[in-house]
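Quick note: the coordinates plus some simple rules give every number you see, no bench work behind them. Only a predicted model underlies this, so the values are computations on that prediction, with no experimental measurement involved. A quick note on method: Cβ atoms are made from the backbone with ideal geometry, for glycine too, and the neighbour counts reach across all protein chains shown.
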Amino acid sequence: FPGLADVSISQDIPVEGEITVPVGSHSPDEDYSTLDEPVKDTIMRDLKAVGKKFVHVMYPRKSSALLRDWDLWGPLVLCVSLALMLQGGSADSKDDGGPQFAEVFVIIWFGAVVITLNSKLLGGTISFFQSLCVLGYCVLPLTVAMLVCRLVLLAGAGTISFIIRLIVVVAMFGWSTLASTAFLADSQPPNRKALVVYPIFLFYFVISWMILTFTPQ
Amino acid sequence: AGGAAPGRAGAAAGPGRASADAVSAPAQGGGSAVIDMENMDDTSGSSFEDMGEMHQRMKEEEEEEAEGEAGAGEEEDGEFLGMKGLRGQLGRQVADQMWQVGKRQASKAFSLYANIDILRPYFDVEPVQVRARLLESMIPVKMINFPQKIAGELYGPLMLVFTLVAILLHGMKTSDTIIREGTLMGTAIGTCFGYWLGVSSFMYFLAYLCNAQITMVQMLSLLGYGLFGHCITLFVTYNIHFHSLFYIFWLVVGGLSTLRMVAVLVSRTVGHTQRLILCGTLAALHMLFLLYLHFAYHKVVEGILDTLEGPNMLPFQRVARDVPVISSAVLNTTAKAVALTL
């Protein structure tokens, strides 16, 4: 390159330095550092995530935390506790008139899967597990209603207790439906929201019905 | 170090190279196409369950070495281990190929049948359309000489079946139905889905015999929308326990939806005998199903069953759960008052 022979560089432009690019503050060892932390930290981190989602359900706002980091721990805990509380509601002691544990489980998970498939078929943009996560977490108000109903039934099973239970269950049912609609309806095209809301309404209606007709022995 | 880096990158793209491996695998190792089965060593570790692991390891081995060296390396290995090593190698190749073929077939079948997009066109509806079709399902058409259009959608019928399941559950609870083998929910779902799918298939088969112009999806859709009448009737009569009211609803509401279905079918069939067969069967099944749903979960039948099965139970004295006592009492008295004034 004859043309470059007389190019001179002034002395104050630095032409030397470090050629290696700094990798950043984390080294490969830090990726696996969660293995070395105490078990309490691991569990508390997951519990905090689940607790944060519970708060999101109780105060439904348009936040994407529930959708972004989906997890199925919360729905599992809620489903198991609801199924356990619905035990012992048989009309006779020798036959089971109340729902079995497996029945409640299957209703909740099968119903959630059907609603998810329905919303996907209607052109929804939400993924399968995100939808399961939202529907499972929105069972929380109904679990609270079940708890209240059991406590009310401890006091007696008369007309007043029935009216109290009816009001509580209807209120929680409305809350559940509104909470899940707030999360799920956004992922649908705007003119089809009603088509997605109806199965959710039916799903929580069936669960509320199971809670309301629960009579312990 | 140079070989290791592409190895790691290659392992990340491993699944994409499965087809390439299947082609290159027979080229390596034993060259003989005839396998001497009686000398095959069973303890050479070529069990099918281990094949996944072996396959993974073999892939990684391949990717770390250069292309041409792999075959020579394995042949040398076989010779070094003696005859047993070579036969074990052959066995592993065969099992590996079986694993590949099986995996390919399974993934092909999965992507073909579990593809949800097959059903997508049948769910392409607007709420307005669903509402319109629900109302139309109660209005019998007059023009039966011209084939009537049936919308082949599955959203409405599916939602109606689920609604019927919910109503049935309510009815079973209020009549204190006790299912001895099985669960309440299972019975409700089985009944409703069984009716929808089973009767649709049967009617489609009859339509095929009678040369009617109707497809399976249209049949499912027609029958599904006909359940709207059932839903209304059962919703009203499970709460107001009035026999005459039920019969009126059965005739009027059930009759209207049956007439609509029958008219649509008649418009698509040619020939008097065929029309008669199809419409008679459909009308009979539809009306009888409503009758069954009402009476199967009625208190009177419950009482009779209990007298037959359990001497401890007194018939006609079963009390419904405390839930609908007030509501049904109120509804019953209002219905009686209305009936008296009319």
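Sorted largest first, the spans of the alpha carbon positions of segment A:137-188 along the three principal axes are 45, 16, 7 Å. Charged side chains reduced to their Cβ positions (Lys and Arg at +1, Asp and Glu at -1) give segment B:156-307 a dipole of some 380 debye around its Cα centre. In order along segment A:103-116, the Karplus-derived 3J(HN,Hα) couplings, from 6.51 cos²θ - 1.76 cosθ + 1.60 at θ = phi - 60°, round to 5, 4, 4, 5, 4, 5, 6, 5, x, 5, 5, 5, 5, 4 Hz, and Gly and Pro are given as x. Both radii come from the Cα set of segment B:211-302: Rg as radius of gyration, Rh as Kirkwood radius; their ratio Rg/Rh reads 1.04.
Note on segment B:103-230: with charges restricted to the Cβ of Lys and Arg (+1) and Asp and Glu (-1), its dipole about the Cα centre is near 300 debye. Working from label points 7 Å from Cα in the Cα-to-Cβ sense, the B:Lys103 to B:Met143 distance is 6.0 nm.
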